[in-house]
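Just dropping this structure here.
Each reported figure results from applying straightforward, stated rules to the coordinates on display, with no laboratory input. Fair warning: this is a prediction, and the values are worked out from it, not measured in the lab. Cβ coordinates were reconstructed from backbone atoms using ideal geometry, including for glycine residues, and neighbour counts include every protein chain displayed.
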Amino acid sequence: MRLPPQIPLFEPLLDGNEWRYVKGCLDTNWISSVGPFVERFEADMARRIGARHAVATVNGTAALHMALLASGVGPGDEVLMPSLTFIAPANAVRYLGARPVFFDAEPDFFQPDPAKAARFLRRRCRRSRGRLINKDSGRTVKALLAIDLLGHPADLGAFRALAQDHGVALVEDASESLGSRYRGAATGKGAPVATFSFNGNKLVTTGGGGMLVTDDESLAKRVRHLTTQAKGPGTEYIHDQVGYNYRLTNVLAALGVAQLERLDDYTVRKRRAAARYRQGLSDIPGITPMREARWARSTFWMYTILVDQRRYGLDARTLLAGLASAGIMTRPLWQPMHLSPAHAGAQSDGCATAELLFRDALSLPSSVGLTAAQQDRVIASIKKLRPRR
Ligand SMILES: *Cc1c(COP(=O)(O)O)cnc(C)c1O
């Protein structure tokens with residue numbers, strides 16, 4: 001039997017100046033973490049986000065580690081963050097000896113729910129001598145982490161107000177939302193410090209890479225210093241503290257510059273594909289297409305549907321298996337962090353919606369290069385797999 005051609009969940013598209021710029025690095029021997037493409041990539045990102053400074057890092061997790069450190073998070077502190085997320089930000093909290101406290105998602109756009117974060121801050125915390133204290137643990141809540149999920153911005157204005165009202169730092173993890181807008185502003189402008197990822201499955205990729213963006217010059221300087229082993233200026237190896245080897249290489253930055261040139265086009269393509277999915281899936285009973293908030297302009301980085309087992313006739317994981325047999329790769333959302341063995345024992349504040357989304361959500365093929373014919377095959381398969389009754 002001949003198998004149908006596979007449709008991957010996400011594959012990168014490298015159809016711009018990638019070859020030319022990478023060849024430039026090899027021809028000139030500028031392959032390490034110093035080089036013209038690193039500076040250019042940083043400048044291009046800063047301009048695109050509308051931030052004054054950008055610091056390239058070896059990956060998005062490293063950028064988050066630095067963003068939290070530079071926001072004052074240290075050993076014994078707590079960071080209030082969503083339970084529904086890829087694990088990287090929760091791990092970054094732990095690298096600092098700090099602890100995550102998890103709050104719930106909202107069901108409409110699959111984003112962190114500011115009302116749930118507000119409830120925790122209001123009911124479970126008190127102010128004491130300039131600090132915000134978690135009444136249950138007695139520890140200091142230092143920062144609030146807003147994460148844009150699946151290409152859609154979080155409600156960043158609401159998170160900004162919360163951070164201000166409660167006197168905690170705010171960090172935005174915009175790893176999944178490059179190219180998206182919140183009330184007209186680029187994601188990455190939603191907090192004093194924000195981070196991006198250029199991992200292989202992100203909309204703009206360098207294979208692996210990350211970026212921290214901020215308007216704060218001294219913070220940017222400090223992070224640049226820390227990410228280069230905290231090495232002093234000049235030719236001597238003098239390091240004023242324990243730093244990190246977290247800088248991006250020039251070869252990968254060259255990929256990033258070329259990819260970023262394509263982002264506007266990619267965003268148009270992704271939004272067009274989202275419209276096709278929405279239209280094709282909207283009349284299938286029990287399938288809820290992905291939505292966009294009034295205040296958002298999403299890239300729909302990872303197009304995600306909800307599967308209502310009762311109305312559709314199959315649960316999300318059975319549908320996943322059926323689509324896999326048809327050569328179509330789909331994926332459930334991440335196990336919520338409050339259920340993750342990696343973060344066992346962490347406090348969480350009622351994360352029921354995250355658990356429902358973990359059960360019912362399914363991400364569909366979302367490559368930038370996905371064709372209309374491939375999308376129609378996905379849609380037709382979801383229709384066909386629905387049991388007749
Ligand atoms: C991809 C991603 C990151 C960073 O991951 P890296 O692989 O380290 O670049 C961080 N947070 C979220 C939500 C992500 O999706």
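Give me the extension gain from Arg94 to Arg52: residue separation times 0.36 nm, minus the current Cα-Cα distance, reported in nm with one decimal. Walk me through the intermediate numbers first.
Working: separation 42, 0.36 × 42 = 15.12 nm, distance 2.86 nm.
Here the answer is 12.3 nm.
Here's another thing I want to ask about it. For the chain, what is the convex hull volume of its Cα atoms per residue in Å³? The partial results should precede the final answer.
Working: hull volume 58.7 nm³, N = 389.
Here the figure is 151 Å³ per residue.
Could you work out [θ]222 nm for the chain from helices alone, using -39500 (n - 2.57) per DSSP H run of at least four and dividing by all its residues? Round to the nearest 500 deg cm²/dmol. Please list the in-between numbers first.
Numbers: 13 runs with 145 residues, N = 389.
Taking each H run of at least 4 residues, the total per residue is -11500 deg cm²/dmol.
May I pose another question? Would segment 1-137 count as rounded, prolate or oblate if I go by the C-alpha gyration tensor, calling it rounded below 1.5 in a/c and otherwise prolate when a/b exceeds b/c, oblate otherwise?
Oblate shape, in that a/c is at least 1.5 and b/c is the bigger or equal ratio.
Could I ask something else about it? Shape verdict for segment 56-145, please, from the Cα gyration tensor: rounded (a/c under 1.5), prolate (a/b greater than b/c) or oblate. The partial results should precede the final answer.
Details: a/c = 2.27, a/b = 1.13, b/c = 2.02.
Here segment 56-145 falls in the oblate category.
Still on this structure: With the Cα gyration tensor of segment 260-300 giving a ≥ b ≥ c as the square roots of its eigenvalues, does the rule (a/c under 1.5 for rounded; else a/b larger than b/c for prolate; else oblate) give rounded, prolate or oblate? List each step's numbers first, then the result.
Working: a/c = 3.96, a/b = 1.92, b/c = 2.07.
Since a/c reaches 1.5 but b/c is at least a/b, the shape of segment 260-300 is classed as oblate.
Oh, and also: How large is log10 I(q)/I(0) at q = 0.11, 0.18, 0.19, 0.26 Å⁻¹ when the Debye formula is applied to the Cα atoms of segment 264-354, each weighted equally and without solvent?
Per q value, in the given order, log10 I(q)/I(0) is -0.45, -1.03, -1.09, -1.30.
May I pose another question? Please check which bits of segment 93-110 a label hung off Ala342 would reach, taking the label as a point 7 Å along Cα-to-C-beta and the cut-off as backbone N under 16 Å.
Answer for this model: 93-102.
Pick from Asn245, Asn59, Asn29 the residue whose mean-square fluctuation is largest in a GNM of the chain, springs joining Cα atoms under 10 Å.
Among Asn245, Asn59, Asn29, the largest GNM mean-square fluctuation belongs to Asn29.
Hey, another quick one. Among the lysines, which fall within straight-line cross-link reach of Lys135, defined as a Cα-Cα distance under 23 Å, with same-chain neighbours fewer than 8 residues apart omitted?
Candidates past the 8-residue exclusion: Lys116.
From the phi of every residue in segment 39-49, what ³J(HN,Hα) in whole Hz does the Karplus formula 6.51 cos²θ - 1.76 cosθ + 1.60 yield, where θ is phi - 60° and glycine or proline is x?
5, 5, 4, 4, 5, 5, 5, 4, 5, 5, 7
In what sequence, highest mean first, do 31-44, 171-184 appear when ranked by Cβ atoms within 10 angstrom?
Values: 31-44: 18.4, 171-184: 25.1.
So the order, starting with the most tightly packed, is 171-184, 31-44.
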